[in-house]
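Here is the structure we will look at, set down as structure tokens.
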Amino acid sequence: MSIVLGIDIGGSGVKGAPVDLETGEFAEKRLRIETPSKSTPENVAKVVKEIVDNFADVIGDSPVGITVPAPVVHGKIPFIANLHKDWTGLEAEKFFTEFLGRPTTIVNDADAAGLAEVQHGAAKGVPGLVLLTTQGTGIGSALIYDGVLIPNTELGHLEIDGHDAESRAASSIKDKENLSYKEWAEERLQRYYSFLEFLFSPDLFVVGGGVSKDHAEWMPLLKLKTPMIPAALRNKAGIIGAAAQADYRRAHPDIVVRVDSDNEVV
Ligand code: BGC
């Protein structure tokens with residue numbers, strides 16, 4: 001049994017749990033700590049370390065996988081929308097590996113969720129192009145073709161009608177503007193997902209994030225050609241995907257994200 005710690009850094013909380021990679025289940029109860037209000041890399045790293053220390057007995061000297069709400073290009077963060085601006089330009093993989101004193105893999109939060117949904121969740125065994133979006137503070141995206149992830153798509157930042165898409169269609173905006181599910185779906189999501197459909201012709205949309213549990217209230221309101229289903233792993237997906245990615249990197253230290261749905265090299 002391979003147990004690896006996955007940690008999901010979000011705008012409001014940092015969540016971590018050791019993951020049994022064969023089953024995709026948590027081996028221990030998840031620990032959540034508030035994201036520091038001044039969310040610099042140093043402040044967030046201290047919280048991450050608290051989580052690592054908490055599970056030290058269970059994870060031994062195994063690597064750690066961490067998600068961030070930003071693209072991660074060869075270990076580096078080119079820009080960040082929803083955490084402190086000091087993350088921009090950070091060599092995140094090097095920084096966390098040194099700070100934690102153990103091999104650390106950093107992965108975009110939506111990519112991690114996409115990998116987890118392909119390996120253990122809603123997109124398992126789905127052929128063709130799966131487009132997963134995560135709805136939260138921002139909109140994250142993962143493109144998975146025949147089980148292979150194409151990393152770092154930033155489809156929450158598509159410019160639509162002169163706006164950054166997530167500034168209109170993210171679920172945080174629904175809350176901020178007090179929109180009903182109907183208003184949000186018909187005015188904001190319809191435009192966003194039909195544009196994604198036009199650009200990518202996916203075979204399946206999977207939508208994750210807190211609002212996916214209320215999918216019955218808004219998904220049926222969308223008029224799309226592409227089937228859309230809620231993510232299955234809910235808020236566990238980022239943690240599971242991060243752990244899987246760290247395990248993959250342990251086995252293939254020179255290769256960046258190239259796995260299929262069985263976590264095999266492709
Ligand atoms: C970021 C993405 C991230 C998404 C969800 C966006 O603002 O640019 O990298 O996946 O938010 O957290």
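The values are calculated or read from the model by the stated rules, or taken from the named source; none is laboratory data. As the structure is a prediction and not an experimental result, all values here were calculated from the model. Cβ placement follows ideal geometry from the backbone for every residue including glycine, while neighbour counts extend to all protein chains displayed. For the accessible areas, the whole protein counts, side chains as well, though only heavy atoms, and no ligand, DNA or RNA atoms are used. Shrake-Rupley method; radii C 1.70, N 1.55, O 1.52, S 1.80 Å.
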- Of the residues in the range 176-203 that are buried (at least 16 other Cβ atoms within 10 Å of the Cβ), aliphatic (A, V, I, L, M) and free of Cβ contacts under 8 Å to residues at least 60 places away in the same chain, the one that is nearest to the ligand (Cβ to nearest atom) is Leu189
- Message: Regarding the range 64-84, can at least one residue be identified that is away from the ligand (no atom under 16 Å from the Cβ) and either surrounded by fewer than 24 Cβ atoms within 10 Å (Cβ to Cβ) or hydroxyl-bearing (Ser, Thr, Tyr) (or both)?
- Response: no
- Message: Please count how many residues of the range 121-175 are in contact with a strand residue (DSSP E or B) (Cβ under 7 Å, 6 or more places away or on another chain), open to solvent by 20 Å² or more (accessible area, probe 1.4 Å) and away from the ligand (no atom under 15 Å from the Cβ).
- Response: 4
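Yes or no: the range 234-248 includes at least one residue that is surrounded by 19 or more Cβ atoms within 10 Å (Cβ to Cβ), outside any helix (DSSP H, G or I) and not aliphatic (A, V, I, L, M).
The answer is no; no qualifying residue exists.
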- Return yes when Pro230 is open to solvent by 20 Å² or more (accessible area, probe 1.4 Å), touching a residue at least 12 places away in the same chain (Cβ under 8 Å) and under 21 Å from Leu115 (Cβ atoms) and no when it is not. yes
- Task: Evaluate the range 25-33: report whether one residue or more is farther than 23 Å from Lys94 by Cα, of a type in the set (Asp, Glu) and open to solvent by 90 Å² or more (accessible area, probe 1.4 Å).
- Result: yes
- Out of the range 22-43, which residues are touching a strand residue (DSSP E or B) at 6+ places or on another chain (Cβ under 6 Å) and either within 16 Å of the ligand (Cβ to nearest atom) or in contact (Cβ under 8 Å) with a residue 60 or more places away in the chain (or both)? Phe26, Arg30, Thr35
- Could you tell me whether Phe198 is more than 19 Å from Ile9 (Cα to Cα), part of a strand (DSSP E or B) and out of contact with any Cys (no Cβ under 7 Å at 6 or more places or on another chain)? no
- Query: Would you say Pro18 is open to solvent by 10 Å² or more (accessible area, probe 1.4 Å) and either more than 14 Å from the ligand (Cβ to nearest atom) or touching a helix residue (DSSP H, G or I) at 6+ places or on another chain (Cβ under 7 Å) (or both)?
  - Reply: no
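Is it the case that some residue within the range 91-98 is in contact with a helix residue (DSSP H, G or I) (Cβ under 9 Å, 6 or more places away or on another chain) and free of Cβ contacts under 8 Å to residues at least 24 places away in the same chain?
Among the residues of the range 91-98, not one is in contact with a helix residue (DSSP H, G or I) (Cβ under 9 Å, 6 or more places away or on another chain) and free of Cβ contacts under 8 Å to residues at least 24 places away in the same chain, which makes the answer no.
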